[in-house]
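Below is one structure, written out as structure tokens; the observations come after it.
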Amino acid sequence: MSSFIQPRTPSGTLELLPRQQMVFQHMLDVIRRGYERFGFVQVETPVFELKDVLLTKSGGETEKQVYFVQSTGSLQQGHEPDMALHFDLTVPLARYVAEHERELVFPFRRYQIQRSYRGERPQKGRAREFYQCDIDVIGKDKLDAAYDAELPAIIVQIFTELGIGDFTIHFSNRKILLGLLTAWGVADTETQKLVLREIDKLDKIGLAKVQEAIVALGVADAVAAKVLELVALKGSKDEMLAALRKLEVSEPVFAEGLAELEKMVSSLRALGVTEARTRINLAIARGLDYYTGTVYETLIDAHPEIGSVCSGGRYENLAGLYTRSKLPGVGLSIGATRLYEQLAALDLLPPVPHTVQVLVLQLEEAMRADYLALAAQLRTSGLTVENYLEPAKLDKQLKYASKSGIPLAVLFGSTEKEAGTVLVKELDKKIQHEVKRDDVAAFLGSLGN
């Protein structure tokens with residue numbers, strides 16, 4: 001008696017049925033087109049990196065979640081693994097730019113759409129294998145603040161094309177809060193960073209607990225209250241900028257952050273970004289000290305509870321661990337796997353046409369060569385066409401097309417051949433058309449537009 005291994009998918013991974021995969025692939029295609037529309041070039045790096053390159057001496061929670069790569073033979077010989085799967089696309093980008101610095105043109109505009117791997121405890125919004133769609137501009141020695149506005153303009157176009165409903169890109173500049181803390185007596189840089197980390201928790205734990213945590217860091221009650229009053233401000237971009245100018249703080253870091261924020265607003269308008277799609281939100285601090293200036297988070301307006309679906313910001317030195325060159329940059333990342341799962345759960349995924357537009361049915365086995373020739377002709381006109389290649393009842397073939405999501409079916413028997421016509425069936429509408437054989441490609445193309 002034979003025994004079978006139970007087929008099962010590892011937890012924390014995304015495996016989709018064909019029609020779901022089409023929707024997911026459509027998302028990736030829209031994102032790719034959006035990036036390329038603004039002149040970004042694609043980069044792909046190996047799924048694993050050398051361990052000493054990937055893992056820095058600084059450690060961190062993410063680096064404790066790596067999957068090491070080792071051959072069976074090496075394992076049997078007792079060797080330590082020297083490679084690991086990348087846990088994000090930022091570290092591979094840093095290595096890539098440092099390694100190929102002499103061959104690249106700066107500013108280097110790159111996008112990367114690949115899977116990443118983390119040893120997470122699988123749960124909603126956290127996966128062990130997931131797609132990231134990153135976009136970055138890297139400068140040599142300097143990078144103009146105008147680039148900070150270009151990235152959200154790209155995201156607005158992408159999310160609009162995806163049709164996920166109203167969304168808002170919330171942005172701020174870390175220099176504003178850091179400068180204010182200095183001006184208000186909190187001069188220690190480590191304390192400042194910790195304050196920003198607490199502010200980043202505002203949506204999760206609430207105002208009172210954040211204020212309590214800031215005071216516990218040694219910040220005076222009055223200063224903590226002033227900071228939280230500021231981050232709670234809401235208004236139009238012009239109103240927010242006016243409120244910041246009204247503070248009349250001369251501290252250089254604050255002034256620099258405010259100037260960058262003003263440039264961001266004017267650049268967004270010059271790029272034609274709809275006002276409602278972006279807003280200044282001083283509570284967006286991003287907990288990572290990696291970010292040094294502009295920071296972004298994107299929320300779906302009707303569902304803020306799912307958190308940011310696209311985030312990132314400005315950093316001063318991408319590849320400091322790998323090169324003496326100063327490589328500042330700005331980047332954004334769409335977590336495509338998480339975004340797909342969240343949109344699917346909320347029934348917000350847009351309907352996507354089947355990759356196959358037309359199914360050529362087999363009505364008479366003796367005419368198989370005619371069906372193959374007809375499909376070949378239709379493909380030369382740019383249509384995606386599938387042949388039903390085995391004899392079966394018409395009802396079975398039509399059910400196959402409907403279940404597969406193929407919108408159009410072509411019926412062509414000896415009667416139609418003699419008359420020089422073809423029958424075209426719109427399956428969803430249950431409408432049938434008689435079309436001249438020579439006109440069928442153009443007719444099918446018109447139905448798809």
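The values are calculated or read from the model by the stated rules, or taken from the named source; none is laboratory data. Not measured: the values here are computed from a predicted model. Methodologically, a virtual Cβ is constructed for each residue, glycine included, from the backbone with ideal geometry; neighbour enumeration extends over all protein chains shown.
Specify the residue that is farthest from Arg110 (Cα to Cα); the eligible residues are those in the stretch 18-51 that are of a type in the set (S, T, N, Q) and not in a helix (DSSP H, G or I). Before you say what the answer is, go through the steps one by one.
Our first condition is that a residue be of a type in the set (S, T, N, Q); within the stretch 18-51, this holds for 20-21, 25, 42, 45.
This time we only want the ones that are not in a helix (DSSP H, G or I), so: 42, 45.
On the way: Gln42: 6, Thr45: 12 Å.
Of everything passing the filter in the stretch 18-51, Thr45 is farthest from Arg110 (Cα to Cα).
In the stretch 307-323, is there at least one residue being basic (Lys, Arg) and not assigned by TED's automatic domain parsing to the domain that holds Arg128?
Going residue by residue through the stretch 307-323, those that are basic (Lys, Arg) are 314.
Still in the running and not assigned by TED's automatic domain parsing to the domain that holds Arg128: none.
There is no residue in the stretch 307-323 that is basic (Lys, Arg) and not assigned by TED's automatic domain parsing to the domain that holds Arg128.
Of Leu332, Leu383, Leu327, which residue is under 30 Å from Leu151 (Cα atoms), assigned to a loop (DSSP other than H, G, I, E, B) and under 31 Å from the mean Cα position of the chain (by Cα)? Give the derivation first.
Working: Leu332 fails: assigned to a loop (DSSP other than H, G, I, E, B); Leu383 fails: under 30 Å from Leu151 (Cα atoms).
Only one candidate qualifies: Leu327.
Is one or more of the residues making up the stretch 166-178 farther than 26 Å from Lys326 by Cβ, out of contact with any strand residue (DSSP E or B) (no Cβ under 7 Å at 6 or more places or on another chain) and surrounded by fewer than 18 Cβ atoms within 10 Å (Cβ to Cβ)?
Restricting attention to the stretch 166-178, the residues satisfying the condition of being farther than 26 Å from Lys326 by Cβ are 166-170.
Restricting the remaining residues to those that are out of contact with any strand residue (DSSP E or B) (no Cβ under 7 Å at 6 or more places or on another chain) gives 166.
Within this subset, residues satisfying the condition of being surrounded by fewer than 18 Cβ atoms within 10 Å (Cβ to Cβ) are 166.
Within the stretch 166-178 (the criterion being farther than 26 Å from Lys326 by Cβ, out of contact with any strand residue (DSSP E or B) (no Cβ under 7 Å at 6 or more places or on another chain) and surrounded by fewer than 18 Cβ atoms within 10 Å (Cβ to Cβ)), the answer is yes, since at least one residue qualifies.
Looking at this structure, is Pro122 in the same structural domain as Ala319 (by TED's automatic domain parsing) and either of a type in the set (Asp, Glu) or more than 19 Å from the chain's Cα centre (by Cα) (or both)? Quick ask: steps written out before the conclusion?
Details: in the same structural domain as Ala319 (by TED's automatic domain parsing): yes; either of a type in the set (Asp, Glu) or more than 19 Å from the chain's Cα centre (by Cα) (or both): yes.
In short, yes.
Under 6 Å between Cβ atoms, which residue pairs at least 6 apart in sequence (or on different chains) link something in the stretch 143-158 that is assigned to a helix (DSSP H, G or I) with a partner that is small (Gly, Ala, Ser)?
From the stretch 143-158, the pairs are Ala149/Ser267; Ile154/Gly34; Gln157/Gly34; Ile158/Gly34.
Among the residues of the stretch 297-317, is any closer than 24 Å to Asp238 by Cβ and surrounded by fewer than 18 Cβ atoms within 10 Å (Cβ to Cβ)? Give the steps one after another, and end with the answer.
Residues of the stretch 297-317 closer than 24 Å to Asp238 by Cβ: 297-299, 301, 304, 313-314.
Then keep just the ones that are surrounded by fewer than 18 Cβ atoms within 10 Å (Cβ to Cβ); that gives 301, 304.
Within the stretch 297-317, one or more residues are closer than 24 Å to Asp238 by Cβ and surrounded by fewer than 18 Cβ atoms within 10 Å (Cβ to Cβ).
Can you name the residue in the stretch 94-151 that is within 16 Å of Pro46 (Cα to Cα) and small (Gly, Ala, Ser) and is also surrounded by the fewest Cβ atoms within 10 Å (Cβ to Cβ) among such residues?
Within the stretch 94-151, the match that is surrounded by the fewest Cβ atoms within 10 Å (Cβ to Cβ) is Ala98.
Could you pull out every one of the helices (runs of 4 or more DSSP H) wholly within the stretch 191-249 that has 3 or more residues that are crowded, with 18+ Cβ neighbours inside 10 Å and either touching a residue at least 40 places away in the same chain (Cβ under 8 Å) or not acidic (Asp, Glu) (or both)?
Filter on the stretch 191-249 gives 207-216, 221-231, 237-246.
Among Leu383, Leu361, Leu389, Leu372, which is farther than 16 Å from Leu447 by Cα, at pLDDT below 95 and of a type outside the set (Phe, Trp, Tyr)?
On the way: Leu383 fails: farther than 16 Å from Leu447 by Cα; Leu361 fails: at pLDDT below 95; Leu372 fails: at pLDDT below 95.
Of Leu383, Leu361, Leu389, Leu372, the one residue that is farther than 16 Å from Leu447 by Cα, at pLDDT below 95 and of a type outside the set (Phe, Trp, Tyr) is Leu389.
Step by step: first the residues of the stretch 1-37, then only those that are within 20 Å of Gln114 (Cβ to Cβ) and in contact with a Lys or Arg (Cβ under 8 Å, 6 or more places away or on another chain), then the one that is surrounded by the most Cβ atoms within 10 Å (Cβ to Cβ). Which residue is that?
Across the stretch 1-37, the extreme among qualifying residues is Gly12.
Let me spell it out: the conditions are (1) among the aliphatic types (A, V, I, L, M); (2) under 18 Å from the mean Cα position of the chain (by Cα); (3) modelled with pLDDT under 95; (4) farther than 30 Å from Gly445 by Cβ, and Leu349 meets all of them except one. Which number is the exception?
Just one mismatch for Leu349, condition (4).
Taking the stretch 102-139, which residues are over 25 Å from Gln65 (Cβ atoms) and part of a loop (DSSP other than H, G, I, E, B)?
The answer is Arg102, Glu103, Leu104, Val105, Phe106, Pro107, Gly139.
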